[in-house]
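**Q** The structure's right below; bear with me while I get my questions together.
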Number of protein chains: 2
Amino acid sequence: MRKYCDYISVDCVIFGFEIDRLNVLLVDRTLRGEGESDIEFADHTLTGNHIYETETVGDAANRVLYDLTGLTGIYLEQFKTFAHPDRLKKENDRKWLLHDGRDPDKRIVSIGYFALLATQDVTIEWKGRNVKWVPYHEIGELAFDHNEILENALIALRNKAKHEPIGFELLPEKFTLSQLQKVYEIILDTEFDKRNFRKKVARMKYLIPLDEKQTGVAHKPARLYMFSREVYEKTKKDLFDFWV
Amino acid sequence: MRKYCDYISVDCVIFGFEIDRLNVLLVDRTLRGEGESDIEFADHTLTGNHIYETETVGDAANRVLYDLTGLTGIYLEQFKTFAHPDRLKKENDRKWLLHDGRDPDKRIVSIGYFALLATQDVTIEWKGRNVKWVPYHEIGELAFDHNEILENALIALRNKAKHEPIGFELLPEKFTLSQLQKVYEIILDTEFDKRNFRKKVARMKYLIPLDEKQTGVAHKPARLYMFSREVYEKTKKDLFDFWV
């Protein structure tokens, strides 16, 4: 049987993009007492696990994601590591760890990863655990230091969204400029002026206008666009883009 | 006495900028045998240390830097964590750990930080250890997984240099455009066309041309510039800068 390393874990912040909001995948943590209806507390954690003794941390993060979604090859990025001496010391956390047969005084290093998926593409099923998408703005106090991990993941995600074209991963192959704008508004939690947005994207050579329009919409059908990674990679190399 | 946590360490990649090259601060690691002149091996490590049981990893990284340079308040950035099961398993590394009374089979998580300093501003003195600046291009095989840590730090530094104005930290308050160009050429290990570079910087509103020129130079004195962080912060907020 594979043994866990009891002082190294990964925590995965799995962002799920939906057309009008950003979700995060959370795990129900309910500590039951003696009786069936006797609940000590109920809250949520991020998805995560200890790593196996012979496993790399990247493999562990992929394993957590695979166990949840059945998907492989998802983009996961390590963004920060959390090792504060008091990170597991809240009362509920100590109770939980003791109940689980673990030492609440052991200092555990957790290596944070984030992933970004389109919510509708994913069927969640984690062996016997209650896992669900929760809208980011509805998330309250989480277990351990998971609020801190979440905030840092969001900063990393937004930083990435500003510097790399990750938004296209969340769109269909052909999309409208309104859909593109919406993706970035959701990720960055902001609203763009439509005219400024279009002026900006008009300069992006890797955004290819097609001779096609939307079909099956009630309003006036909009032009469709495609993202060209090839043009993007070429343009990127030509850019002398520091600070601006 | 403060106790170390024997499975968490920090490794600091301390980059030292010099006018014609980028240096890295390395520690001599020499394993001596029985006789005084009997040397088993000699190589180099990055600067680093285990963390104390009650210390945060950020404090540990600052402590390593302070012990080396006497400086506080240096900008240090956590960039990646290294925990491969085989990262301490090279023959010399095992010998070194055993000689040092440590368990070479213990899996140690190392949290990587990088710092960027101007080499000439720093007097290095690490209690009894032999520490020196080594030009990046002259660094050979390092101990443990320290080449991998170094490469990842350099990627993080360059990424940062492209998106944030860190170059100004390495320049005097008033500087010429040639000095600015040189800083970025050294960090990014590239050469810029002078005209393109000037066209680019002419658009940066936070680069303030002064009514002053260089003094005490043999060639035609060049105009001096200042960096305005205030204008930069303002400009940045106005920018809708994703991907370009």
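The values are calculated or read from the model by the stated rules, or taken from the named source; none is laboratory data. Note that the coordinates shown come from a computational prediction; the quantities given were computed from them, not determined experimentally. Glycine also receives a Cβ, built like all others from the backbone with ideal geometry; neighbour counts cover every protein chain displayed.
**Q** Looking only at the range A:130-152, count how many residues are more than 14 Å from chain B (Cβ to nearest Cβ) and surrounded by 14 or more Cβ atoms within 10 Å (Cβ to Cβ).
**A** Total meeting the criteria: 11.
**Q** Then there is this: Considering only residues that are at negative phi, out of contact with any Lys or Arg (no Cβ under 9 Å at 6 or more places or on another chain) and not in a strand (DSSP E or B), which ones fall in the range B:120-129?
**A** B:Q120, B:D121, B:V122, B:T123, B:E125, B:K127
**Q** Additional query: Taking B:G167 and the conditions (1) free of Cβ contacts under 8 Å to residues at least 40 places away in the same chain; (2) away from chain A (no Cβ under 13 Å); (3) surrounded by 18 or more Cβ atoms within 10 Å (Cβ to Cβ), which numbered condition does it fall short on, given that it satisfies the others?
**A** (2)
**Q** Can you name the residue in the range A:1-41 that is touching a Ser or Thr at 6+ places or on another chain (Cβ under 6 Å) and within 14 Å of another protein chain (Cβ to nearest Cβ) and, of all such residues, is nearest to A:P104 (Cα to Cα)?
**A** If we take residues in the range A:1-41 being touching a Ser or Thr at 6+ places or on another chain (Cβ under 6 Å) and within 14 Å of another protein chain (Cβ to nearest Cβ), then A:S9 is nearest to A:P104 (Cα to Cα).
**Q** Taking the condition of being more than 27 Å from B:T81 (Cβ to Cβ) and of a type in the set (A, V, I, L, M, F, W, C), how many residues in the range A:81-121 meet it?
**A** Selection size over the range A:81-121: 2.
**Q** From A:V217, A:V183, which residue is out of contact with any Pro (no Cβ under 7 Å at 6 or more places or on another chain) and exposed (fewer than 15 other Cβ atoms within 10 Å of the Cβ)?
**A** Residue meeting the stated conditions: A:V217.
**Q** I need the full set of residues from the range A:85-101 which are crowded, with 16+ Cβ neighbours inside 10 Å and closer than 25 Å to A:L65 by Cβ, in order please.
**A** Across the range A:85-101, the qualifying residues are A:R87, A:L88, A:D93, A:W96, A:L97.
**Q** Considering only residues that are in contact with a strand residue (DSSP E or B) (Cβ under 7 Å, 6 or more places away or on another chain) and of a type in the set (K, R), look in the range A:82-129 and name the one that is farthest from the other protein chains (Cβ to nearest Cβ).
**A** A:R129
Residue-wise test of (1) among the hydrophobic types (A, V, I, L, M, F, W, C); (2) in contact with a strand residue (DSSP E or B) (Cβ under 7 Å, 6 or more places away or on another chain); (3) loosely packed, with under 15 Cβ neighbours inside 10 Å; (4) at positive phi.
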residue	(1), (2), (3), (4)
B:R29	no, yes, no, no
B:E36	no, no, yes, no
B:A42	yes, yes, yes, no
B:H50	no, yes, no, no
B:T54	no, no, yes, no
B:A61	yes, yes, no, no
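**Q** β-branched (V, I, T), within 14 Å of chain B (Cβ to nearest Cβ), touching a residue at least 12 places away in the same chain (Cβ under 8 Å) and within 23 Å of A:Q120 (Cα to Cα): is that true of A:V201 in this structure?
**A** no
**Q** Name the pairs: first residue in the range B:142-163 and on the phi < 0 side of the Ramachandran plot and among the basic types (K, R), second residue surrounded by fewer than 17 Cβ atoms within 10 Å (Cβ to Cβ) and not in a helix (DSSP H, G or I), Cβ to Cβ under 7 Å, at least 6 apart or on different chains?
**A** B:K162/A:D241
**Q** In the range A:74-84, which residue that is assigned to a loop (DSSP other than H, G, I, E, B) and in contact (Cβ under 8 Å) with a residue 60 or more places away in the chain is surrounded by the fewest Cβ atoms within 10 Å (Cβ to Cβ)?
**A** A:Y75
**Q** For the list (1) of a type in the set (A, V, I, L, M, F, W, C); (2) more than 21 Å from A:F79 (Cβ to Cβ); (3) assigned to a strand (DSSP E or B), I need the number of the one condition that A:W133 fails.
**A** Among (1) of a type in the set (A, V, I, L, M, F, W, C); (2) more than 21 Å from A:F79 (Cβ to Cβ); (3) assigned to a strand (DSSP E or B), the lone unmet condition for A:W133 is (2).
**Q** Also, I was wondering about something else. Only residues that are of a type in the set (D, E, K, R) and at pLDDT 90 or above: list them for the range B:101-131, please.
**A** B:R102, B:D103, B:D105, B:K106, B:R107 - these are the residues of the range B:101-131 that are of a type in the set (D, E, K, R) and at pLDDT 90 or above.
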